[in-house]
Amino acid sequence: MVRTYGAPPYRAAVVHGGPGAPGTAGGLALGLSQFCGVLEPLQSRLSLRELLDELTAQLQEFLPVPCVLIGHSFGAWLCAMLTAERPELIRKLILVGCGPLDAAYTGQIGTRRLQNLNPKDAEEFLRLDSLLEGGGGTDADLARLGTLADKADHFQELQIQEPESFPPDSRAYGSLWPEISRLRKSGGLLDVFPKISCPIVLIQGENDPHPPTGVSAPLEHLGIPLRQHLLPRCGHNPWREQYAREPFFRILKQEVLG
């Protein structure tokens with residue numbers, strides 16, 4: 001399933017985070033559609049291999065390739081994996097709010113998030129996070145975890161009208177998160193980047209609990225060229241940030257159309 005924004009031809013595709021959070025990048029796709037046609041693939045599979053095959057089919061059916069591929073959060077990892085595997089499909093890779101590529105940085109995420117929550121919410125967040133990462137929990141539990149993560153992840157959230165999101169998929173989360181975690185811990189996630197031949201652009205909020213250095217430092221260590229944009233007073237979702245929304249879309253327009 002896909003959603004489209006603006007008029008064809010669609011120059012870019014925006015891939016949501018999660019895993020198991022279809023539609024959560026709809027606001028990003030909608031904002032970018034002011035400048036060009038945008039495709040929003042909605043992911044539904046339960047393994048990384050199946051997700052990559054699904055995303056490949058979606059791009060080939062709906063986009064003139066090579067295209068600009070934009071991934072948010074978990075979607076950034078998925079987009080990087082696809083770009084390494086199918087370089088003929090992608091002319092530029094843009095990572096927005098990308099999670100750390102090296103497991104050594106992951107402890108900072110929880111610490112930063114908990115600092116942004118009151119004690120009651122922090123306790124609930126830890127309980128739900130442990131439950132869902134262990135393969136348990138319900139769609140309602142995943143939705144509540146997402147609400148708490150939103151509280152922790154924004155610097156100054158901007159209330160905007162966004163496209164409808166879809167119910168969280170705890171089954172996908174429980175299946176995919178352990179798989180991607182193992183890949184990152186083994187170094188396999190970072191290993192995909194030397195195989196990428198197109199330009200890589202990193203857009204991160206300075207206040208994102210996902211530390212920007214968790215992406216830039218490992219790539220710089222490998223000598224991977226990238227262009228980095230750090231947005232001040234900005235958390236994990238730049239298009240929903242009061243101070244960062246305008247500069248974010250200005251940067252995105254330049255990177256997609258330039």
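Of the residues making up the range 102-117, just one is at pLDDT 90 or above and either among the polar types (S, T, N, Q) or open to solvent by 70 Å² or more (accessible area, probe 1.4 Å) (or both), namely ALA104.
PRO211 meets each of the listed conditions (1) touching a helix residue (DSSP H, G or I) at 6+ places or on another chain (Cβ under 6 Å); (2) modelled with pLDDT of 95 or more apart from (2).
From GLU179, GLU164, which residue is open to solvent by 70 Å² or more (accessible area, probe 1.4 Å), under 19 Å from the mean Cα position of the chain (by Cα), within 25 Å of LEU52 (Cα to Cα) and acidic (Asp, Glu)? So that I can check it myself, show each step before the final result.
Values: GLU179 fails: open to solvent by 70 Å² or more (accessible area, probe 1.4 Å).
Residue meeting the stated conditions: GLU164.
Evaluated against (1) modelled with pLDDT of 85 or more; (2) open to solvent by 50 Å² or more (accessible area, probe 1.4 Å), SER170 falls short on exactly one condition, (2). Taken over the range 122-180, the criterion of being within 19 Å of HIS210 (Cα to Cα) and in a loop (DSSP other than H, G, I, E, B) is satisfied by HIS154, PHE155, GLN156.
I'd like the full set of residues that are assigned to a helix (DSSP H, G or I) and open to solvent by less than 20 Å² (accessible area, probe 1.4 Å), limited to the range 189-219. If you could, list the steps in order and put the result at the bottom.
Step one: of the range 189-219, the residues assigned to a helix (DSSP H, G or I) are 189-191, 193-195, 213-219.
Listed by number, the residues that qualify are LEU189, PHE193, GLY214, VAL215, SER216, PRO218, LEU219.
Criterion applied to GLU124, GLU164, GLU133, GLU157 was being touching a Phe, Trp or Tyr at 6+ places or on another chain (Cβ under 9 Å) and among the acidic types (Asp, Glu), and the one residue passing it is GLU133.
Residues of the range 225-258 that are surrounded by 15 or more Cβ atoms within 10 Å (Cβ to Cβ) and in a loop (DSSP other than H, G, I, E, B): LEU226, CYS234, GLY235, HIS236, ASN237, GLN242, TYR243, ALA244. Within the range 1-47, the set of residues being within 15 Å of SER165 (Cα to Cα) and among the hydroxyl-bearing types (Ser, Thr, Tyr) comprises THR4, TYR5, THR24, SER44.
Would you be able to tell me the number of residues in the range 37-72 that are among the polar types (S, T, N, Q) and either at pLDDT 95 or above or under 12 Å from ARG86 (Cα atoms) (or both)?
So in the range 37-72, the residues among the polar types (S, T, N, Q) come out as 43-44, 47, 56, 58, 60.
Then keep just the ones that are either at pLDDT 95 or above or under 12 Å from ARG86 (Cα atoms) (or both); that gives 47, 56, 58, 60.
Residues in the range 37-72 being among the polar types (S, T, N, Q) and either at pLDDT 95 or above or under 12 Å from ARG86 (Cα atoms) (or both): 4 in total.
Picking from residues in the range 137-148 that are touching a helix residue (DSSP H, G or I) at 6+ places or on another chain (Cβ under 7 Å) and in contact (Cβ under 8 Å) with a residue 24 or more places away in the chain, the one that is surrounded by the fewest Cβ atoms within 10 Å (Cβ to Cβ) is THR138. Checking each residue in the range 1-25 for being over 16 Å from THR56 (Cα atoms), of a type in the set (Gly, Ala, Ser) and either open to solvent by less than 40 Å² (accessible area, probe 1.4 Å) or under 12 Å from the mean Cα position of the chain (by Cα) (or both) picks out GLY17, GLY18, GLY20, ALA21, GLY23, ALA25.
The values are calculated or read from the model by the stated rules, or taken from the named source; none is laboratory data. Computed from a predicted model, the values in this text were never measured in an experiment. Virtual Cβ from ideal backbone geometry, glycine too; neighbours counted across all protein chains shown. To get the accessible areas, we keep the full protein, side chains included, count just its heavy atoms, and leave off ligands, DNA and RNA. Shrake-Rupley method; radii C 1.70, N 1.55, O 1.52, S 1.80 Å.
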